[in-house]
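Student: First, the structure itself, so that you have it in front of you.
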Amino acid sequence: MVHESSGVPDVFDPRIHAAGIPHDRFRALRDRTPVAWQREPEILGWPAGPGFWAVTRHADVVRVLKDPDTYSSCLGATQIRDPDPADLPFIRRMMLNQDPPGHHRLRRLVSRAFTPGRIERFEATARERARQLLAGAADGGGEVDLVRVVTDDYALLNLTDLLGVPPSDRGLLHTWTERVIAYQDPDEPPALDDGGRPVNPRSPAMLADMFGYAQELAAHKRAHPADDVMSVLATSELADAELEMFFFLLTVAGNDTVRSAAPGGLLALAEDPDEQRRWWTGGVATDTAVDELLRVHPPVLSFRRTATVDTALAGQPIRRGDKVVVFHASANHDERVFPDPHRLDLGRTPNPHVSFGDGPHVCLGAHFARLQLRVLHEEVRRACGGLELAGEPRRLVSNFINGLKTLPVRLRGPIAPPA
């Protein structure tokens with residue numbers, strides 16, 4: 001899986017990432033071709049594309065993310081694969097796929113819902129939820145798949161509490177997230193059109209049921225407001241189409257960020273007994289440890305931009321209209337920024353990782369995600385004496401989300417009862 005003509009390592013094929021972050025390939029790119037041309041062959045039934053520039057050094061990733069005038073989120077949206085041109089106007093309604101100044105307006109509106117006070121009030125609920133889920137894991141005799149029993153439910157239920165989704169509807173959010181995030185994975189076969197071609201899960205046809213639900217929920221919140229994000233959005237200046245797209249963004253990104261980062265961090269601890277011991281004995285601050293776990297296992301692998309003008313990056317000429325894809329996982333392991341980057345160091349500081357992005361599109365829910373991860377790791381430490389891998393984890397087949405489908409572990413005693 002390399003470019004035969006150039007010897008440039010392939011980092012596009014989603015199946016590569018299912019074996020773990022391809023550190024050897026990223027290292028080769030950072031050292032020799034930090035802005036490298038990648039082919040887009042037909043893979044897993046998805047059609048071939050025109051190719052793109054892979055950006056792998058930390059400084060160049062940050063430069064792209066901070067310069068929306070040169071590297072647009074709007075022109076071709078933010079996924080590597082080109083959307084159907086007919087779908088582009090629809091996809092551009094989402095804040096994620098907009099550039100300033102329109103992006104600033106939407107971000108300002110929705111940020112009113114993500115107040116620190118509202119998020120902090122969820123801490124007690126998240127902590128109790130983590131304790132209950134971990135107690136259920138302990139009831140299994142100490143060997144458990146943490147993804148199935150703990151982290152999937154933890155991320156989803158926290159998000160639905162924040163949004164204000166009724167308990168009876170929570171399964172819908174899981175279904176919609178799987179449809180959008182796991183579309184490259186053979187375990188989640190895509191919907192096909194009449195010609196047998198896969199349908200983009202972000203197309204209007206595939207999102208109609210989610211949008212219909214968003215409008216129903218918004219109407220309910222206007223009549224019965226509560227202390228949740230959808231109550232704020234439903235009574236804001238957002239147009240109906242903007243509200244639908246925000247519900248889509250929050251449902252998918254809000255769920256999968258923690259859903260991917262939580263088991264990834266626990267896997268990193270299970271694979272490093274020395275750092276795990278350092279955490280369990282209180283030898284490192286929680287916030288510092290969480291940031292290091294985010295660095296080594298970023299929830300998002302890549303994001304795409306499109307060049308608005310002819311330009312150059314790291315000495316590589318880039319033409320107007322070219323796709324430019326930043327790889328967060330590579331930037332987080334750049335030796336130019338992180339000493340001994342492949343060593344887990346829970347006390348690492350400074351730690352300028354880009355797991356939540358950078359620039360105008362830095363993750364709106366980063367504070368909420370960090371809170372959930374902090375609480376979960378604290379409660380895992382309280383619930384047991386440590387983690388050991390009990391089998392090989394299974395990863396999501398994706399070049400976008402750094403997801404784990406299973407994480408089999410043994411929970412070492414003593415296992416404390418929930419307080």
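The values are calculated or read from the model by the stated rules, or taken from the named source; none is laboratory data. Predicted model, so just to flag it, every value in this text is computed and none were measured. Ideal geometry is used to build each Cβ from the backbone, glycine not excepted, and the neighbour counts take in all protein chains shown. Surface areas here come from the heavy atoms of the whole protein model, side chains and all, with no ligands, DNA or RNA. Shrake-Rupley method; radii C 1.70, N 1.55, O 1.52, S 1.80 Å.
Student: Out of everything in region 163-200 that is among the polar types (S, T, N, Q) and open to solvent by less than 30 Å² (accessible area, probe 1.4 Å), what residue ends up being nearest to the chain's Cα centre (by Cα)?
Tutor: The qualifying residue nearest to the chain's Cα centre (by Cα) is 177.
Student: Any residue at all in region 218-227 that's touching a residue at least 24 places away in the same chain (Cβ under 8 Å), surrounded by 12 or more Cβ atoms within 10 Å (Cβ to Cβ) and in contact with a Pro (Cβ under 6 Å, 6 or more places away or on another chain)?
Tutor: Taking every residue of region 218-227 in turn, none turns out to be touching a residue at least 24 places away in the same chain (Cβ under 8 Å), surrounded by 12 or more Cβ atoms within 10 Å (Cβ to Cβ) and in contact with a Pro (Cβ under 6 Å, 6 or more places away or on another chain).
Student: Can you tell me which of 77, 86, 124 is hydrophobic (A, V, I, L, M, F, W, C), part of a loop (DSSP other than H, G, I, E, B) and either surrounded by 22 or more Cβ atoms within 10 Å (Cβ to Cβ) or without any contact (Cβ under 8 Å) to a residue 12 or more places away in the chain (or both)?
Tutor: So the residue among 77, 86, 124 that is hydrophobic (A, V, I, L, M, F, W, C), part of a loop (DSSP other than H, G, I, E, B) and either surrounded by 22 or more Cβ atoms within 10 Å (Cβ to Cβ) or without any contact (Cβ under 8 Å) to a residue 12 or more places away in the chain (or both) is 77.
Student: Assuming residue 165 fulfils every condition listed in (1) assigned to a helix (DSSP H, G or I); (2) among the β-branched types (Val, Ile, Thr); (3) touching a residue at least 12 places away in the same chain (Cβ under 8 Å) apart from one, which condition is it?
Tutor: With respect to (1) assigned to a helix (DSSP H, G or I); (2) among the β-branched types (Val, Ile, Thr); (3) touching a residue at least 12 places away in the same chain (Cβ under 8 Å), residue 165 is out only on (1).
Student: May I pose another question? Checking residue 385 against (1) closer than 23 Å to residue 66 by Cβ; (2) surrounded by fewer than 16 Cβ atoms within 10 Å (Cβ to Cβ); (3) not basic (Lys, Arg), which single condition isn't satisfied?
Tutor: (1)
Student: I'm trying to understand the selection: among the residues of region 36-74, which are more than 27 Å from residue 183 (Cα to Cα) and either small (Gly, Ala, Ser) or buried (at least 20 other Cβ atoms within 10 Å of the Cβ) (or both)?
Tutor: 57, 58, 59, 60
Student: Only one of these is assigned to a helix (DSSP H, G or I), open to solvent by 20 Å² or more (accessible area, probe 1.4 Å), closer than 26 Å to residue 385 by Cβ and at pLDDT 90 or above: 295, 278. Name it.
Tutor: Going through 295, 278 in turn, just one is assigned to a helix (DSSP H, G or I), open to solvent by 20 Å² or more (accessible area, probe 1.4 Å), closer than 26 Å to residue 385 by Cβ and at pLDDT 90 or above: 278.
Student: Hey, does region 76-84 have a residue that's hydrophobic (A, V, I, L, M, F, W, C) and either touching a strand residue (DSSP E or B) at 6+ places or on another chain (Cβ under 9 Å) or within 30 Å of residue 9 (Cβ to Cβ) (or both)?
Tutor: Checked region 76-84: at least one residue is hydrophobic (A, V, I, L, M, F, W, C) and either touching a strand residue (DSSP E or B) at 6+ places or on another chain (Cβ under 9 Å) or within 30 Å of residue 9 (Cβ to Cβ) (or both).
Student: From the residues in region 363-409 that are without any contact (Cβ under 8 Å) to a residue 24 or more places away in the chain and in a loop (DSSP other than H, G, I, E, B), which one is nearest to residue 300 (Cα to Cα)?
Tutor: 392
Student: Just give me the residues in region 332-373 being more than 16 Å from the chain's Cα centre (by Cα) and under 26 Å from residue 118 (Cβ atoms), in sequence order.
Tutor: 359, 360
Student: If residue 310 satisfies all but one of (1) touching a residue at least 60 places away in the same chain (Cβ under 8 Å); (2) acidic (Asp, Glu); (3) farther than 25 Å from residue 395 by Cβ; (4) surrounded by fewer than 17 Cβ atoms within 10 Å (Cβ to Cβ), what's the number of the condition it fails?
Tutor: It fails just one condition, (1).
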